[in-house]
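What follows is a single structure, written as structure tokens, with notes after it.
Just so you know, all these numbers are worked out from the coordinates, no wet-lab data involved. None of these values were measured; they are calculated from a predicted model. Every residue, glycine as well, gets a Cβ built from its backbone with ideal geometry; the counts of neighbours run over all protein chains shown.
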Amino acid sequence: MPVQKPPDAPSGKTATVPQSKSPERKPWKKKTPVEVFLEQTEKLRKEIAEAEEEIKQKRLQLKKFEEARKIFESA
């Protein structure tokens with residue numbers, strides 16, 4: 001059975017944080033209330049489109065299950 005080495009105790013030195021690939025973040029730009037409103041509107045449109053697609057897939061699956069049910073009931 002191999003013996004595990006205990007973790008090293010902290011030596012009091014601070015660890016350096018690796019820098020990301022982009023050295024600087026782009027400057028923050030304050031949005032106007034109109035920009036915030038338009039972004040929220042677009043976000044809701046995307047969410048609704050995703051939900052509609054999900055419902056479409058579920059209806060298709062339900063249709064397949066109903067067809068299979070008819071086959072089982074007729075047998």
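Observations on the structure shown:
- Alpha-carbon spread of the stretch 32-75, three principal axes, descending order, Å: 65, 8, 5
- Counted by Cβ distance under 12 Å from Q61, the other residues give a net charge of +2, where Lys and Arg count +1 and Asp and Glu count -1.
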